[in-house]
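**Q** Can you read through this structure? Questions will come right after.
The values are calculated or read from the model by the stated rules, or taken from the named source; none is laboratory data. All values derive from a computational prediction rather than experimental measurement. Don't worry about glycine lacking a Cβ; one is built from the backbone with ideal geometry, like all the others, and counts go over all protein chains shown. Heavy atoms of the whole protein, side chains included, go into the accessibility calculation; ligands, DNA and RNA do not. Shrake-Rupley method; radii C 1.70, N 1.55, O 1.52, S 1.80 Å.
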Amino acid sequence: MRDQLGQIIRFGVVGGINTGTFFGCYLLLHPWMPYFAAYTLAFLLSMVGSFFLNTYFTYRTRPTWKKFALFPLTNVTNYVVQSAGLYALVTWAGMDDRIAPLVAAVVAIPFTYVISRRILVSRGPGPEGSGPNGSGPEGETEERQPSRLA
């Protein structure tokens, strides 16, 4: 339970950094392209940083090509929730299109945490993958193994 609370806190920190990166990219791109195109490009750029921050810092696991390939799936839900929220906030609620992405991002946080944890935290077969976080019986994670991606 304590480890999961730590993960949630670290996820929040990474989310803050990622949101700042996303929003900064969005604001830089917004003058040069329509708001939704700027939003999409900023989202894709920040997703790569989010992958590495979440593997190393949040879940303390090693990045692999498989996880990197699956990680965008965690962001599909995030993208759908944020996109629908962005559209609704700008089109229906009349919110400023510079602020609406932040509001939509907050709504997507719980969905992203659950899905990213399922993909990035190994849950191997048998007793070695049956720990509380998909780790071994002593709660060890993959953090001591060398990275296969970075």
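**Q** Starting at the first residue of the stretch 103-115, write each ³J(HN,Hα) from the Karplus equation 6.51 cos²θ - 1.76 cosθ + 1.60 with θ = phi - 60°, in whole Hz, x for Gly and Pro.
**A** 5, 5, 5, 4, 5, 7, 4, x, 5, 5, 4, 4, 6
**Q** For a quick size check, give me the Cα extents of the stretch 62-110 along its three principal axes, largest first, whole Å.
**A** Its Cα atoms span 42, 17, 14 Å along the three principal axes.
**Q** With every protein chain kept in place and ligands, DNA and RNA left out, what is the accessible area per residue of the stretch 28-115? Probe 1.4 Å, answer in Å².
**A** On the way: 4660 Å² over 88 residues.
For the stretch 28-115, the solvent-accessible area averages 53 Å² per residue.
**Q** Please report the relative contact order for the stretch 1-70, taking Cα pairs under 8 Å with a sequence separation of at least 6, and give it as a percent rounded to a whole number. The partial results should precede the final answer.
**A** Working: 42 pairs, mean separation 24.2, N = 70.
Once normalised by length, the contact order is 35 percent.
**Q** Report the full-extension gain for the segment VAL48 to ASP96: residue separation times 0.36 nm, less the Cα-Cα distance, to one decimal in nm.
**A** On the way: separation 48, 0.36 × 48 = 17.28 nm, distance 2.68 nm.
The span from VAL48 to ASP96 would gain 14.6 nm if fully extended.
**Q** If you don't mind, another one. Sorting check: for 66-72, 17-23, 4-10, which peptide has the highest mean count of neighbouring beta carbons within 10 Å, and how do the rest follow?
**A** Values: 66-72: 15.9, 17-23: 17.7, 4-10: 12.9.
Sorting 66-72, 17-23, 4-10 by mean packing, highest first, produces 17-23, 66-72, 4-10.
**Q** Whole-Hz ³J(HN,Hα) for each residue in the stretch 72-77, computed from phi via Karplus 6.51 cos²θ - 1.76 cosθ + 1.60 with θ = phi - 60°, x for glycine and proline: what do you get?
**A** x, 5, 5, 8, 4, 4
**Q** I need the phi-derived Karplus couplings for the stretch 52-66: 6.51 cos²θ - 1.76 cosθ + 1.60, θ = phi - 60°, integer Hz, Gly and Pro marked x.
**A** Going residue by residue, I get 5, 5, 6, 5, 6, 9, 5, 9, 6, 10, 8, x, 10, 5, 5 Hz, with x marking Gly and Pro.
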